[in-house]
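Everything below concerns the one structure shown next.
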Amino acid sequence: MSFKLSVRSKGKLEGVHPDLVRVVTKAIQITPVDFGVTQGLRTLEQQRAYVASGASKTMNSRHLTGHAVDVMAYIGREGRWDFGLYIQIAEAFRQAARIEGVPIRWGACWMRIDTSTEPLSSMVTRYVAQCKERKEKPLIDGPHFELPKVLYP
């Protein structure tokens, strides 16, 4: 089944880096799970509000520069948070990034997924284990995709 971005999702991509827009556009065409874009470029004021509410942990968000997007999975018309759906969406993003030749980092493991052949669920497990070793709380943000800062400053 081939999905398409809604008018609302396309609007959320305004101001987002064109390379990331290409990945999102390709991912929606190949994903087995429908998704919509819920966040793209954010203003400083929006980011401050997210940090104040606890919805974000940093004022250095890649959303501030148009280098990140958040998505929501849909089953029919219902938005869903089931993590398994986001693994499937992330796999579509990985394939789309490879097709488009664009590096992509996933917020569920904070690693580049385009260059890895490791199962995405294993990458998340490895990330959680690394956090545990460092006595840090993992931040698993399955709906988040970004262009790596080292390549897209």
Response to the item:
Taking segment 65-78 and the residues there that are open to solvent by 20 Å² or more (accessible area, probe 1.4 Å) and among the β-branched types (Val, Ile, Thr), the one that is farthest from VAL33 (Cα to Cα) would be THR65
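So is VAL128 among the hydrophobic types (A, V, I, L, M, F, W, C), modelled with pLDDT under 95 and outside any strand (DSSP E or B) or not?
Details: among the hydrophobic types (A, V, I, L, M, F, W, C): yes; modelled with pLDDT under 95: no; outside any strand (DSSP E or B): yes.
Spelling it out, it is not the case that VAL128 is among the hydrophobic types (A, V, I, L, M, F, W, C), modelled with pLDDT under 95 and outside any strand (DSSP E or B).
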Worksheet, complete the sentence: Per the list (1) hydroxyl-bearing (Ser, Thr, Tyr); (2) open to solvent by less than 10 Å² (accessible area, probe 1.4 Å); (3) more than 18 Å from ILE113 (Cβ to Cβ); (4) out of contact with any strand residue (DSSP E or B) (no Cβ under 8 Å at 6 or more places or on another chain), residue check on SER9 breaks on (4)
Worksheet item: Condition test on TRP81, is it within 20 Å of PRO138 (Cβ to Cβ), open to solvent by less than 20 Å² (accessible area, probe 1.4 Å) and either hydrophobic (A, V, I, L, M, F, W, C) or out of contact with any strand residue (DSSP E or B) (no Cβ under 6 Å at 6 or more places or on another chain) (or both)?
Response: no
Discussion item. One residue is enough: does segment 109-117 have a residue meeting the conditions under 17 Å from ALA27 (Cα atoms), surrounded by 18 or more Cβ atoms within 10 Å (Cβ to Cβ) and in contact with an Asp or Glu (Cβ under 7 Å, 6 or more places away or on another chain)?
Written reply: no
Discussion item. Can you say whether LYS10 is farther than 21 Å from PRO103 by Cβ and assigned to a helix (DSSP H, G or I), as far as the supplied structure shows?
Written reply: yes
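Give the number of residues within segment 30-62 that are assigned to a helix (DSSP H, G or I) and in contact (Cβ under 8 Å) with a residue 60 or more places away in the chain. Even if it seems obvious, please write down each step before you answer.
Of the residues in segment 30-62, the ones assigned to a helix (DSSP H, G or I) are 30, 44-53, 62.
Those left that are additionally in contact (Cβ under 8 Å) with a residue 60 or more places away in the chain: 30, 62.
Number of matching residues: 2.
Would it be correct to say that ILE87 is in contact (Cβ under 8 Å) with a residue 12 or more places away in the chain, open to solvent by 20 Å² or more (accessible area, probe 1.4 Å), more than 14 Å from the chain's Cα centre (by Cα) and within 24 Å of LEU120 (Cβ to Cβ)?
no
The values are calculated or read from the model by the stated rules, or taken from the named source; none is laboratory data. This is a predicted model, so every value here is computed, not measured. Because the Cβ atoms are built from the backbone with ideal geometry, glycine has one as well, and the counts that use them run over all protein chains shown. Keep in mind that these areas ignore ligands, DNA and RNA; they rest on the heavy atoms of the full protein, side chains included. Shrake-Rupley method; radii C 1.70, N 1.55, O 1.52, S 1.80 Å.
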